[in-house]
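Accompanying notes for the structure given below.
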């Protein structure tokens, strides 16, 4: 079978190649999916650059990708939830990374049946961003009437998080550039802040929750703009102790500047290192079927144009998900 592989660390054009590889075999609890579509994410091009090689070990050449949708062609002996012919989608575990390929073997516990009302391309774009948003927001107990600021609303995680927070009954602020304002209003955001013309810190003040997807100074500013005792949930800022353990960071201590600000504000600070979860994907499927979540797809590329898809994603200009079709 054919697969898109990281062949060496460095620039995308030189680091990726479509290669002929062995079709994966499955264990008793696995399923084998004939891939229809795969989504790509910033973690993928960071892997190619080598920026994450201390955290994610890859035997080169290694097939890339974590998000998949397709049709089951084989099930392991212990699999009871799925059958051959089922249309499914998943965010695969790190050990099974390699979804930009004609076939992918996946642990059945992280898989969900694809909602009938969306395409394979749309389904492929849901797992990583959906699980990230849900786990990040649920870690701080998002609830009805919470006032939440979601940074970078036009991105994959942000566009899902807006819809999920609205489905939970929250009041949603979000930041974006001028060209994306109407798009985010259509997704349900209550107050879209155009960062080119407004200072978000003067609009979203004393909020209950900030969902920080940007890191750096935005994480510190998140602590500043929440109300006393408010909550910051981040996927880009410094880890907390729990996520540091998941990331394999031994003897980790949060930077003093952050811990001091958190204590001064009596804040709750949580960092999410997303984990695959089939039950949460099932919940996403229900939200999609009920039209409370609509997948946001920016561009779809053919398998032969996979490297071009990565180059586009790396520009940081994608509105929603970038998808690669395989069959």
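We did not get these values from a lab; they are worked out from the coordinates using the rules stated. This structure is a prediction, so every number in the text was calculated from the model and none was measured.
Taken as Cα centroids, region 114-177 and region 1-75 sit 25 Å apart, rounded to the nearest whole angstrom.
Take the alpha-carbon centre of region 76-97, take the same for region 233-263, and report the distance between them in whole Å. So the separation of the two Cα centres works out to 33 Å. Using the rule -39500 (n - 2.57) for each DSSP H run of four or more residues, divided by the residues of the chain, the 222 nm mean residue ellipticity is -8000 deg cm²/dmol. The C-alpha atoms of the chain define a longest principal axis, and helix 127-139 lies at about 30 degrees to it.
Note on region 1-84: the C-alpha convex hull projects to 6.2 nm² when averaged across all orientations.
Mind pulling the angle between the C-alpha long axis of helix 156-167 and the longest principal axis of the chain? Nearest 10 degrees, somewhere in 0 to 90. Helix 156-167 and the main axis of the chain meet at about 60 degrees.
Anisotropy class assigned to region 107-161 is prolate, per the alpha carbon gyration tensor with a/c at or over the 1.5 cut-off and a/b larger than b/c.
Assign one of three labels to region 1-148, namely rounded, prolate or oblate, based on the Cα gyration tensor with a ≥ b ≥ c the square roots of its eigenvalues; rounded applies when a/c is under 1.5, prolate when it is not and a/b is larger than b/c, and oblate otherwise. Oblate is the answer for region 1-148, as a/c is 1.5 or above yet b/c matches or exceeds a/b.
Hydrodynamic analysis of region 129-271 uses the Kirkwood radius over alpha carbon pairs. Inserted into Stokes-Einstein at 37 °C and 0.692 mPa s, it gives a translational diffusion coefficient of 219 µm²/s. If you take the square roots of the eigenvalues of the alpha-carbon gyration tensor of region 190-233 and sort them as a ≥ b ≥ c, do you get rounded (a/c under 1.5), prolate (a/b over b/c) or oblate? Oblate shape, in that a/c is at least 1.5 and b/c is the bigger or equal ratio. The three principal axes of the C-alpha atoms in the chain carry coordinate ranges of 55, 43, 39 Å, sorted with the longest axis first.
Semi-axes of the equivalent ellipsoid of region 194-293 are 25, 22, 12 Å, computed as sqrt(5λ) over the eigenvalues of the C-alpha gyration tensor in descending order.
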